[in-house]
Amino acid sequence: MFRALALTALLASAAHAQTAPAQTAPPTWADLLQPGVQARQAACDAATAYEKAHPTPTAQKYASGDQSDAARLGRKLTDDRDSPSEVKVPAHVASRIIIELPAATVGNICANAARDGKPVKVTQYTGTTQVYIQGELVALKDALKLTAALRLLDASGQELARIDSRRDAAAKVDQGLWTRECQDNVCRWRGFSVFAFSDYNLRPETYAATQTVQLVFDRGYGPETRDYTAADFTRLTLGGP
């Protein structure tokens with residue numbers, strides 16, 4: 001129930017970014033990674049209302065969700081920055097990263113529940129941070145070998161906490177996030193690996209001291225990192241044209 005983004009939505013998520021309104025006050029990491037009940041309820045109500053007003057086609061596996069700028073601002077971020085030159089990513093491989101914060105994942109739950117006509121108690125869902133990382137695979141099963149983690153860093157760059165992605169031994173690759181493309185008899189899977197992060201035991205003072213959240217991942221080309229500040233989420237995109 002947690003995944004609600006289709007491959008087409010991931011590829012097009014930055015299409016209207018330049019028209020997004022700016023938030024006046026930057027959020028805190030506590031706001032973003034551990035939203036309170038009121039914020040989660042607001043996200044749920046908005047997602048439910050959108051699904052009722054714009055019903056998802058019955059043949060579609062997950063609710064479409066509101067992909068407008070206003071709905072994504074402060075909840076989803078598209079990172080189109082290039083990998084550093086020392087990371088040998090093939091030139092044809094895109095490097096898009098989509099970060100979907102807990103308020104957005106709670107909204108996904110509520111939208112899917114509304115589609116199925118089921119009630120949701122927001123107090124039962126604190127939400128997860130979901131990160132979609134674009135890449136290329138020889139075999140689809142190789143997606144399960146890829147890794148990612150979030151590091152919470154203080155102002156001096158010291159690690160306050162590390163959150164590893166949640167993936168159990170029975171995990172399966174979501175084929176809906178990948179397409180198979182062939183050229184000159186060479187075929188590859190291109191799409192997104194998805195990672196879920198949550199740590200409900202982190203203390204409030206940890207979030208208060210967090211200056212930067214660093215995404216550490218390996219999509220088959222060696223270790224890569226992306227750094228984010230809370231103020232980044234007053235925008236819709238980083239990098240790109």
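A few remarks follow.
- Within the range 107-131, residues that are in contact (Cβ under 8 Å) with a residue 12 or more places away in the chain reach partners that are among the polar types (S, T, N, Q) and not in a loop (DSSP other than H, G, I, E, B) with beta carbons closer than 6 Å, at six or more positions or on different chains, in the pairs CYS110/THR48; ALA114/THR48; VAL122/GLN41; GLY127/THR105; THR128/THR105; GLN130/THR105.
- From the list ALA196, ALA161, the lone residue that is more than 30 Å from GLN67 (Cα to Cα) and among the hydrophobic types (A, V, I, L, M, F, W, C) is ALA161.
- Restricting the range 69-91 to residues that are closer than 25 Å to TYR50 by Cα and open to solvent by 50 Å² or more (accessible area, probe 1.4 Å), the residue that is farthest from the chain's Cα centre (by Cα): ALA70
- Going through (1) modelled with pLDDT of 90 or more; (2) among the small types (Gly, Ala, Ser); (3) open to solvent by 10 Å² or more (accessible area, probe 1.4 Å); (4) touching a strand residue (DSSP E or B) at 6+ places or on another chain (Cβ under 9 Å) one by one, GLY191 falls short only on (3).
- Residue tally, condition under 17 Å from the mean Cα position of the chain (by Cα), within 23 Å of THR234 (Cα to Cα) and part of a loop (DSSP other than H, G, I, E, B), over the range 22-63: 2
- The residues of the range 203-212 that are surrounded by 11 or more Cβ atoms within 10 Å (Cβ to Cβ) and either under 20 Å from the mean Cα position of the chain (by Cα) or not hydrophobic (A, V, I, L, M, F, W, C) (or both), listed by number, are THR206, TYR207, THR210, GLN211, THR212.
- Of all the listed residues (ALA103, ALA94), the sole one being of a type in the set (Gly, Ala, Ser) and either touching a helix residue (DSSP H, G or I) at 6+ places or on another chain (Cβ under 8 Å) or crowded, with 23+ Cβ neighbours inside 10 Å (or both) is ALA103.
- Scanning the range 178-202 for residues that are farther than 16 Å from LEU140 by Cβ and among the acidic types (Asp, Glu) gives ASP184, ASP199.
The values are calculated or read from the model by the stated rules, or taken from the named source; none is laboratory data. All figures in this text were calculated on a predicted structure; none of them were measured in a lab. Quick reminder, even Gly has a Cβ in these numbers, built from the backbone with ideal geometry, and neighbours come from all protein chains shown. Please note that ligands, DNA and RNA were not included when accessible areas were found on the heavy atoms of the full protein model with its side chains. Shrake-Rupley method; radii C 1.70, N 1.55, O 1.52, S 1.80 Å.
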